[in-house]
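The values are calculated or read from the model by the stated rules, or taken from the named source; none is laboratory data. Here the structure is a predicted model, which is why all the values come from computation and not from measurement. With ideal geometry, Cβ positions are generated from the backbone for all residues, glycine too; neighbour counts draw on all protein chains shown.
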């Protein structure tokens, strides 16, 4: 079977490395032969591979960086909409799902000659519905919000590829986030960024502006070998309850993964493989709990000036099945010191602008922060496979980007903001000598504002927003 694992733009290289690691696990090797495509040399929005159908289960359970795992159903040349209908209607959809299940179809494109993607979507949807009606005598209903089955098609200038989505809800929705307000950094982007830092479990990791704790929770789950899909796989049962004020419904084992609603994965042999995959993962988790018996042993710490965000972080940490309470303080980043007085470690942060910098306790100005502007896009598509290229949505996104640029320009001119960055840069020089500092931001001028020369900058995308991951190597001060 052919798969395409979707990821945020810029994370193709670490995703390819992760896929190779998953394929190399003994229990995954036992499923059959895996062949990972060559690592992309330019942004592709994901990585392809060939493997057994059971690979879908392993990928959805273990991929921290992937957004979706798409199973390729067909690929063919096309010239007009009727070609899409003919290809889709010739596929044996009845072997994958029933007419009693709900359906959603999405079409994305790159340089397609077709005038309307909406019409292309309609033709593929009609082909699937007509096929099931002809074979079963009934047709599935369409549900664009919470469908049982998702079908995706991608159009290039000459080729169409049709996929079944084996993930269902996007994989960055781990199931541990339950909070009110704007969505923070996506979990899979945070995991990919951690791979760029070269941080390893057991090494000190500190986020002085941790917000609701995405970087730190992802790192702790890595250290403890907790699969990112553990909650959705039902490995902890379904006792987590969402708040009525949650930003989005809490994803639980009741939602599961898309493949669990497809016929081939309901067969006894595949069900047995799914149970085996989870049992191996659970045994590894128990082993790592012994290696890190306490939260202090993880050496993962954080701080934030906003007490409400600190409280959110603590709740998320517990729902992520992590031990005890996280080591986190409500503190101004300018007052934060290296945890445990260590002389080297990794600092990783996604700094907010605006009110979180200057107002303690979550109270303050009404002006929107830069992170707020980023967060409005948190559930928007990351890449070509999730991007609807219709003119209206593109115009809306252009407008959002323009608004963000204006917002950033205003923030850059804000004397308090400029002064904060200058002070924070000096604070890093004075107190974090020997550390490697990594900062994710959409502000390309950040190094100059910190007055620190970056040693590396990595282009990344947070949804449609272009960002940079800056690396700063802080030199240890020489003894006087």
Looking only at residues in the stretch 321-348 that are assigned to a strand (DSSP E or B) and touching a strand residue (DSSP E or B) at 6+ places or on another chain (Cβ under 6 Å), which one is farthest from residue 195 (Cα to Cα)?
-> 329
For the stretch 366-380, indicate whether the set of residues that are under 19 Å from residue 214 (Cβ atoms), modelled with pLDDT of 95 or more, touching a helix residue (DSSP H, G or I) at 6+ places or on another chain (Cβ under 6 Å) and crowded, with 21+ Cβ neighbours inside 10 Å is non-empty.
-> no
Are any of the residues in the stretch 10-33 touching a strand residue (DSSP E or B) at 6+ places or on another chain (Cβ under 8 Å), within 30 Å of residue 133 (Cα to Cα) and crowded, with 21+ Cβ neighbours inside 10 Å?
-> no
Determine whether residue 162 is part of a helix (DSSP H, G or I) and in contact (Cβ under 8 Å) with a residue 40 or more places away in the chain.
-> no
Residue check for residue 88: more than 30 Å from residue 10 (Cβ to Cβ), more than 22 Å from the chain's Cα centre (by Cα), crowded, with 17+ Cβ neighbours inside 10 Å and modelled with pLDDT of 95 or more = yes
Has the stretch 14-30 got at least one residue that is more than 27 Å from the chain's Cα centre (by Cα), at pLDDT 95 or above and part of a loop (DSSP other than H, G, I, E, B)?
-> yes
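For (1) modelled with pLDDT of 90 or more; (2) part of a strand (DSSP E or B); (3) touching a strand residue (DSSP E or B) at 6+ places or on another chain (Cβ under 8 Å); (4) surrounded by fewer than 18 Cβ atoms within 10 Å (Cβ to Cβ), each residue gets a yes or a no:
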residue	(1), (2), (3), (4)
400	no, no, no, yes
403	no, no, no, yes
407	no, no, no, no
424	yes, no, no, no
429	yes, no, no, yes
447	yes, no, yes, no
452	yes, no, yes, no
479	no, no, no, yes
Only listed residue being in a helix (DSSP H, G or I) and surrounded by fewer than 15 Cβ atoms within 10 Å (Cβ to Cβ), chosen from 279, 270 | 279
If you go through 36, 53, 65, 124, the only one that is surrounded by 15 or more Cβ atoms within 10 Å (Cβ to Cβ) and either modelled with pLDDT under 95 or closer than 17 Å to residue 262 by Cβ (or both) is 53
Do we have any residue at all in the stretch 282-298 that's part of a strand (DSSP E or B), in contact with a helix residue (DSSP H, G or I) (Cβ under 7 Å, 6 or more places away or on another chain) and closer than 28 Å to residue 212 by Cα?
-> no
Go through (1) in contact (Cβ under 8 Å) with a residue 12 or more places away in the chain; (2) out of contact with any strand residue (DSSP E or B) (no Cβ under 7 Å at 6 or more places or on another chain); (3) within 23 Å of residue 192 (Cα to Cα) one by one and return the number of the condition residue 318 breaks.
-> (1)
Taking the stretch 127-143 and keeping only residues that are over 30 Å from the mean Cα position of the chain (by Cα), loosely packed, with under 14 Cβ neighbours inside 10 Å and outside any helix (DSSP H, G or I), one is left with 137, 138
Quick one: residue 115 ticks every box in (1) without any contact (Cβ under 8 Å) to a residue 40 or more places away in the chain; (2) surrounded by 18 or more Cβ atoms within 10 Å (Cβ to Cβ); (3) outside any helix (DSSP H, G or I) bar one, so which box is it?
-> (2)
Would you mind stating whether residue 207 is more than 18 Å from residue 321 (Cα to Cα) and in contact with a helix residue (DSSP H, G or I) (Cβ under 9 Å, 6 or more places away or on another chain)?
-> yes
Subset of the stretch 454-473 [assigned to a loop (DSSP other than H, G, I, E, B) and surrounded by 15 or more Cβ atoms within 10 Å (Cβ to Cβ)] | 454, 463, 464
